[in-house]
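Chemist: My questions all concern the structure below.
The values are calculated or read from the model by the stated rules, or taken from the named source; none is laboratory data. Quick caveat: nothing in here was measured; it's all calculated off a predicted structure. We place every Cβ from the backbone using ideal geometry, glycine too, and count neighbours over all the protein chains shown. To get the accessible areas, we keep the full protein, side chains included, count just its heavy atoms, and leave off ligands, DNA and RNA. Shrake-Rupley method; radii C 1.70, N 1.55, O 1.52, S 1.80 Å.
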Amino acid sequence: MTIGAGRFSENITLDADTLGVAGITLASANTSTSLRAHAMICQRLDINDSSDVATVTGGLAFDTADGSRAVNETWIDGTVTVASDNVTLSGLRLHSYNGGLKFSGDDIDDFTLNNSYVTGFHGDQSVRYTGDGTNTGWTISGNMIGGVAGGTGGSLYLTDIDGATIADNVFFRPGAAHVYLTEVDNVTVSNNLFYHGVHADGANFDSKLSAFQAADDAGYGYVGFSGGDGYGYGFGYGFSSSSGEDISEMGSYGGYGGYGPTGYAPSGYGLDAYGGGGASQADYVYYGRNYIAEVKGTSDSVTFDGNWGLYNSGGIQFWDEASTSNVFTNITISNNQMNDFINADQDNMLSTVSSRHKSGLVGGVVFQVDEDSTSDGLTISGNKIYGDIGQVLNTNDLDALIEVGGNPLTT
């Protein structure tokens, strides 16, 4: 089924079994237009060269206006719920505060999301799927995913899945890590751009904040859509809310509040990443910790290859949560490039609060397992990771670009 351009304010459930068909495809005129247009170019560039960075980021088609791509968008301003196997979503704009994409059931195979926006969602309404451990045939490619509109949460969560390809996407401005993988097998993450993960207190290292504000003013952006709260609870400038402003009335990407310790306490990113800002932290600059990806649980045959990371406070992290029951096997981290790491904790705020999070800066690859772990088969090769010693600001910051701890067998 092909849908024309326009804004469709409705919720849709896609269930091939109920319809008695083999599969469902929901597409638009943008079905063949990838949002990661520079994917092949990126493999040949060196992101430590500023001109190459500009080449990669200059053509990114953020959905800040209708027609950011060549053809006006098919905007489903509601929730698309996938409820069966063999569903394809292609070329759509899924932009909704309450979550543009959800899943029903734990036994969904052969799901494809390509060349689509999934943007502007509240942090707890991210793209999230928990399977039964047998799910295969997942393909997520050519999309732009992120732009979290307040709250806490990454952009993509996959749990208990056995076969997925995540390739040629742009992930941007999450409310935590860009991607979380838990209890996964046979997952390849390749040629993605993980972009501007620092997101709080006016973080604007790509100078694109004004484009989001202009989109708000024009009515197509990240304010005034379903839910109504918008980026006033999101990526604000981090002004103190101590003088009692009514945050709910501010409402713009970059209004009062912000997504950090100077922000709105119930919804802000907060001191321990779960809320709690306010006046006592008004003098700190805190950009919001993030990773390119975090892998947990018992996971096998996970590959990160050819990805790019820009403006993040951390890279690719494997963490067994200090439990030998969580084991990583056959892990490959190769040919990735990371640059422009930003310390999330510019003023050493984390040392003053009660939180398990103490480091504002983490390296490009961190692989941490218990000393008695049976994790086996870690390969790290061909990566280009550039760090700036000037971003090591606090005692607890991790100044190693690659750190392997515990007892994995590595090559």
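Chemist: Spelling out what I want: for every residue of the range 81-90, take phi, set θ = phi - 60°, compute 6.51 cos²θ - 1.76 cosθ + 1.60 (Karplus), and round to whole Hz; glycine and proline get x.
Modeler: 10, 8, 10, 7, 5, 6, 10, 10, 10, 9
Chemist: Right, something else. Using a Förster radius of 56 Å, what is the FRET efficiency between ALA22 and THR352 based on their Cβ-Cβ separation? Nearest 0.05, please.
Modeler: Working from the Cβ atoms, E equals 0.45.
Chemist: Quick one: with all protein chains in place, what share of the accessible area of the range 317-411 is carbon or sulfur, to the nearest percent (1.4 Å probe)? Don't jump to the answer; show the numbers that get you there.
Modeler: Details: 1940 of 4310 Å².
In the range 317-411, the share of accessible area belonging to carbon and sulfur is 45 percent.
Chemist: Hey, another quick one. From a point 7 Å beyond the Cα of ASN330 in the direction of its Cβ, which residues of the range 151-174 have a backbone N at a distance under 16 Å?
Modeler: Taking a point 7 Å out along Cα→Cβ of ASN330, the residues of the range 151-174 whose backbone N falls under 16 Å are 161-165.
Chemist: When ligands, DNA and RNA are left out and all protein chains stay put, how many square angstrom of accessible area per residue does the range 353-411 have with a 1.4 Å probe?
Modeler: Per-residue value: 52 Å².
Chemist: Give the long-range amide H neighbours of ARG128: residues separated by 5 or more places, or on another chain, with amide H under 5 Å away, using H modelled in the peptide plane at 1.01 Å from N.
Modeler: Those lying under 5 Å, H to H, from ARG128 are TYR157.
Chemist: Over the range 278-333, average the accessible area per residue using a 1.4 Å probe and give it in Å², no decimals. Write out the running numbers ahead of the final one.
Modeler: Values: 1610 Å² over 56 residues.
Value returned for the range 278-333: 29 Å² of accessible area per residue.
Chemist: Also, quick follow-up: What residues qualify as long-range amide H neighbours of VAL170, i.e. H under 5 Å apart, gap of 5 or more or another chain, H built at 1.01 Å from N?
Modeler: ASN143, MET144, ILE145, LEU193
Chemist: For the range 170-178, what does the Karplus curve 6.51 cos²θ - 1.76 cosθ + 1.60, with θ = phi - 60°, yield as ³J(HN,Hα) per residue in whole Hz, taken in order and with x for Gly and Pro?
Modeler: Going residue by residue, I get 10, 9, 9, 6, x, x, 5, 6, 5 Hz, with x marking Gly and Pro.
Chemist: Which ³J(HN,Hα) values in Hz, rounded to whole numbers, follow from the phi angles of the range 128-145 under the Karplus curve 6.51 cos²θ - 1.76 cosθ + 1.60, where θ = phi - 60° and Gly and Pro get x?
Modeler: 9, 9, 10, x, 9, x, 10, 5, 10, x, 8, 10, 10, 8, x, 9, 10, 10
Chemist: For LEU378, which sequence-distant residues (separation of 5 or more, or a different chain) have an amide H within less than 5 Å of its own amide H, given hydrogens modelled in the peptide plane?
Modeler: Those qualifying (amide H under 5 Å, at least 5 residues apart or on another chain) are ILE331, LEU409, THR410, THR411.
Chemist: With the Cα gyration tensor of the range 73-206 giving a ≥ b ≥ c as the square roots of its eigenvalues, does the rule (a/c under 1.5 for rounded; else a/b larger than b/c for prolate; else oblate) give rounded, prolate or oblate? Numbers along the way, then the final one.
Modeler: Working: a/c = 1.63, a/b = 1.39, b/c = 1.17.
Note, shape of the range 73-206 comes out prolate.
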